[in-house]
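Below is one structure; the comments refer to it alone.
The values are calculated or read from the model by the stated rules, or taken from the named source; none is laboratory data. Fair warning: this is a prediction, and the values are worked out from it, not measured in the lab. Virtual Cβ from ideal backbone geometry, glycine too; neighbours counted across all protein chains shown.
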Amino acid sequence: MNSAGEVVLSARQVVKTYGSTRALKGVDFDIHRGQVTTLFGENGAGKSTLMKILSGVESPTGGEIVLHGEPVRFDSTVAAREKGISIIHQELSLAPNLSVRDNIFMGRELRTRTGVDFAEEARQTRALMTELQEDIDPSTLVADLRLGQQQIVEIARALSVNAQILIMDEPTSALSAAEVEVLFKVIHDLTARGVSIVYISHHLEEALQVTDHAVVLRDGAIAATAERSEIDLEWIVRRMVGAGFDLGEPPAGSQQDQVALSIENVVADGVDDLSLQVRAGEIVCLYGLMGAGRTELLEAVAGRVPIESGTIRLAGQDVSGLTIAERIDRGLGLVPEDRQRDGLVQTMTVGRNLSLASIESFVRGAFLSRGAERRLVDGAIHDVRVKTAGGDAAIGSLSGGNQQKVVIGKILATGPDVILLDEPSRGIDVGAKGEVFRLLAERAKAGLAVLYSTSEVGECLSIAHRIVVMRRGRIAAEFDAGVTKETIMAASGEAVVA
Amino acid sequence: MKPPDRDRQMNVGKLILEGRAFLALLVVIVVFSLLSPNYFSVSNLLTMSSHVAVYAVLAIGMLLVILNGGIDLSVGSTLGLSGVIAGALMQGVPVFGVRLFPSVWVVVIVTCAVGALIGLLNGVLVARFRVASFVATLGTLYVVRGIGLLMTDGLTYNDLGGDPALGNTGFDWLGFNKLLGIPIGVLVMIVVAAVASVLLSRTVFGRWLYSAGGNERAAELSGVPVKKVKVWVYVVSGLCAAVAGLILSSELTSAGPTAGTSYELTAIAAVVIGGAALTGGRGNVRGTMLGAFVIGFLSDGLVIVGVSAYWQTVFTGAVIVLAVLLNAVQYGRKRPRKKPADTPTDTPKTLASVA
């Protein structure tokens, strides 16, 4: 009856439509007791929709949910939670102004006759933190925690309700390798206790380490299902995109004799006396763990944060004291890490987002030239291959990958000599990742200097001519394209995850 | 992308939703025309329009601030002070024992400059010193009103007519005269609206404003001078308040220090009824103008029909709440529901699910 592997929760022919868009087209999906089931799929394949239906956030349009052999209907997430189903969302949903303890017990405070039993809450919080091997005091404000620690708190909160089925949507996107390892241990402990896990991640290699079952979703339908032992990375990728998996190789034949960007002894918040040069036509990959200082370095170079000392030169000219706008004019642009927060203006159309950074170039007299703007937008949509109905489409109608292409296209439209990209592959699917990298390789061939950061080793060993590993605000090592993953990871201070 | 058949399905509902300010105006006009035979006459419509002009000019300044994601509570006080300054100048300025009477054009320019200066103060407080716009402009609301009261000792300038012998006549021209049968105040409103409309839709500044209001961080990284934009919207708002103050005191041929009390709320209401989002980045001049007309035509209509002033307050409030509700419906619908993880609307659900 309670044997491991038994199906505890399943979706039967689940259909979900929004208007006339069919997000799910009759999906069968099983969750096994005490095992990890990973759902693979590109953005927009329907993963999140399916998870929302299973956790009660949304109701299915057709089909049924079967829990322990009985058809059930969840009217709300509360109803689903009462049946032991808990979900950790991709985006953090913590209140930064409250303590860790208050966040974990938010909405279900332990009551005494007169108030809240804070002591007991703190005790349970401490126990959870011990289990997660994270030394966080229950009274710490969430705002004071690193992003990775916040993710841990989020996981602790989901665990604290004693969930029997735990859905994790991209739980590792903000975690360091060490934290990921701890999370995987927790997952093993949970499954040993009979908890069933549904795991969603863009980080395929990582997911393969932890999963027992693999389910691939494509275009709202199940593309393939298999046991872990039967499959490998290639298998998943092929079924996700229906094509080979190749992020490309360093473009050959570009002239690399002029230094386009020169960072000289720069000290800034999180950056410690760092020097680095990128030549025109060269692609440099900046690898490092969370907190290694990659984002801080790129933001300092782009002018978002001031530098304390050192010099930043563009084609030999000192730009250290210039504003962001002036640096864009001189040919330096940043594609930020957080697309939603720093990259896009959600209230504007695709076209207006694309033209935003280069808007002054199509002023005619006192007014904007609509024709010139349309030409630029149409050109950019074509150049960076944004899949959209056109420049007038809402930016929110695009998938994550296409939104990322809009942010990149916006900077490319300014005609830069140097482009900085902070985690350009974050939250986009394999297909879009490949396209973004191809695009950068093409531009590099035409003389663009590219400096991109990543926390996925696989992405270093693609189009980059040179790999720079950052650690604690400094450059720990530099490699040529032929280096192995293990060498890079060792240089970054990352234990090689078995 | 939405398939076309869904578009057709939604068309009627969408049209009603997006044209709601226009429909509301039609309903107001039709209802009051049925209730009172005098309502729908050219002369009454023009009279009401010149009342609307004051609100509309204020509201356009407010629209720019709201598009930027801020709020300007000081416009009512600025309007009052503008009237007082114009009134004081009309009474003559003592210089070295001689009383100088500046011409009306000088009065107008000085008044506008004072309005812009108050706006500049707001803008610098909000943009440079990062004071929340609500608090900064609440402060200036009190300070500016206080200055107006101090200047007049709480009294009202009743004579703004000027004297032909002193060469400063013509102040009432703004409030009483007509050009081609249209009151000057209404013409000023039309000009202000047209300029603002072109500014928003056809200039770099407009695009900067929409982007900074929609996502300041992203705009800044795209090279938009977000601070400069922020300072300027408050300057324009102050300038608009001064113009509105001139129109009002000219219409009344008097200027009291308490004029324009709570007008800032009427202006905010007009912007909101016009479909702008208080979170910034969404809204346009057309909507705001319709919003101002809805409020003005509604309250004048209630007066004409003989409804008590207390009920007017209730009706105006109800219209505002309704407008905000519809805004929520409209912007809620436009969000991509397929990937709610990207949208702020999903946060409450997320909280509920784990809490």
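Some observations on this one:
Residue-by-condition table, conditions (1) under 24 Å from A:HIS32 (Cβ atoms); (2) more than 24 Å from the chain's Cα centre (by Cα); (3) of a type in the set (S, T, N, Q):
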position: A:GLU70; (1), (2), (3): yes, yes, no
position: A:SER76; (1), (2), (3): no, yes, yes
position: A:ARG81; (1), (2), (3): yes, yes, no
position: A:ARG113; (1), (2), (3): no, yes, no
position: A:ARG123; (1), (2), (3): no, yes, no
position: A:ALA163; (1), (2), (3): yes, yes, no
position: A:SER173; (1), (2), (3): no, no, yes
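- Criterion (at pLDDT below 85, assigned to a loop (DSSP other than H, G, I, E, B) and surrounded by 17 or more Cβ atoms within 10 Å (Cβ to Cβ)) met by exactly one of B:LEU160, B:LEU155: B:LEU160
- Close contacts from the stretch A:1-21, counting a first residue that is assigned by TED's automatic domain parsing to the domain that holds A:GLU58 and outside any loop (DSSP other than H, G, I, E, B) and a second that is at pLDDT below 60 and of a type in the set (Lys, Arg), with Cβ to Cβ under 6 Å and a gap of 6+ residues or different chains, come to A:TYR18/B:ARG337.
- Complete set of residues in the stretch A:380-392 that are touching a residue at least 12 places away in the same chain (Cβ under 8 Å) and either over 26 Å from B:TYR331 (Cβ atoms) or surrounded by 18 or more Cβ atoms within 10 Å (Cβ to Cβ) (or both): A:ALA380, A:ILE381, A:ASP383, A:VAL384, A:ARG385, A:VAL386, A:THR388, A:GLY391
- Checking each residue in the stretch B:8-60 for being under 25 Å from B:SER237 (Cα atoms) and modelled with pLDDT under 85 picks out only B:ALA21.
- Within the stretch A:125-139, the set of residues being among the aliphatic types (A, V, I, L, M) and either modelled with pLDDT under 85 or outside any helix (DSSP H, G or I) (or both) comprises A:LEU132, A:ILE136.
- Considering A:VAL278, A:VAL319, the condition of being out of contact with any Ser or Thr (no Cβ under 7 Å at 6 or more places or on another chain), of a type in the set (Val, Ile, Thr) and closer than 19 Å to A:ALA477 by Cβ is satisfied by A:VAL278 alone.
- Odd one out for A:GLN133, checked against (1) surrounded by 18 or more Cβ atoms within 10 Å (Cβ to Cβ); (2) within 30 Å of A:THR454 (Cα to Cα): (1)
- Of all residues in the stretch B:23-37, those satisfying the criterion of being surrounded by 12 or more Cβ atoms within 10 Å (Cβ to Cβ) and more than 26 Å from B:GLY275 (Cβ to Cβ) are B:LEU35, B:SER36.
- Within the option set B:LEU221, B:LEU239, B:LEU246, B:LEU252, being buried (at least 21 other Cβ atoms within 10 Å of the Cβ), over 30 Å from A:LEU354 (Cα atoms) and modelled with pLDDT under 95 holds for one residue only, B:LEU246.
- Flag if B:GLY281 is surrounded by 21 or more Cβ atoms within 10 Å (Cβ to Cβ), at pLDDT below 95, out of contact with any Phe, Trp or Tyr (no Cβ under 7 Å at 6 or more places or on another chain) and at positive phi: no
Conditions (1) of a type in the set (A, V, I, L, M, F, W, C); (2) within 12 Å of chain A (Cβ to nearest Cβ), marked per residue:
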residue: B:ALA193; (1), (2): yes, no
residue: B:VAL204; (1), (2): yes, yes
residue: B:GLY245; (1), (2): no, no
residue: B:SER249; (1), (2): no, no
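- Qualifying residue in the stretch B:174-194 (condition: buried (at least 20 other Cβ atoms within 10 Å of the Cβ) and not in a helix (DSSP H, G or I)): yes
- Listed by position, the strands (runs of 3 or more DSSP E) enclosed by the stretch A:283-357 that each have at least 3 residues that are under 18 Å from the mean Cα position of the chain (by Cα) and closer than 20 Å to A:VAL436 by Cβ are A:283-287.
- Test: A:SER361 is hydroxyl-bearing (Ser, Thr, Tyr), within 11 Å of another protein chain (Cβ to nearest Cβ) and not in a strand (DSSP E or B): yes
- For the stretch A:379-396, filtered to residues that are facing chain B (nearest Cβ under 8 Å) and within 24 Å of B:VAL224 (Cα to Cα), the residue that is nearest to the chain's Cα centre (by Cα) is A:GLY396.
- The listed residue being touching a Cys at 6+ places or on another chain (Cβ under 7 Å) and in a helix (DSSP H, G or I), out of B:VAL236, B:VAL243: B:VAL243
- Residue count, the stretch A:99-111 (criterion: assigned to a loop (DSSP other than H, G, I, E, B) and in contact with a strand residue (DSSP E or B) (Cβ under 7 Å, 6 or more places away or on another chain)): 2
- Only a single item in (1) within 9 Å of chain B (Cβ to nearest Cβ); (2) within 29 Å of A:ALA260 (Cβ to Cβ); (3) hydrophobic (A, V, I, L, M, F, W, C) is not met by A:LEU376, and it is number (1).
- Residues that are in contact (Cβ under 8 Å) with a residue 60 or more places away in the chain and at the interface with chain B (Cβ under 9 Å from one of its Cβ atoms) number at least 3 in the following strands (runs of 3 or more DSSP E) confined to the stretch A:46-97: A:85-88.
- Residues that are surrounded by 18 or more Cβ atoms within 10 Å (Cβ to Cβ), under 24 Å from A:THR172 (Cα atoms) and assigned by TED's automatic domain parsing to the domain that holds A:ALA446 do occur in the stretch A:298-307, at least one of them.
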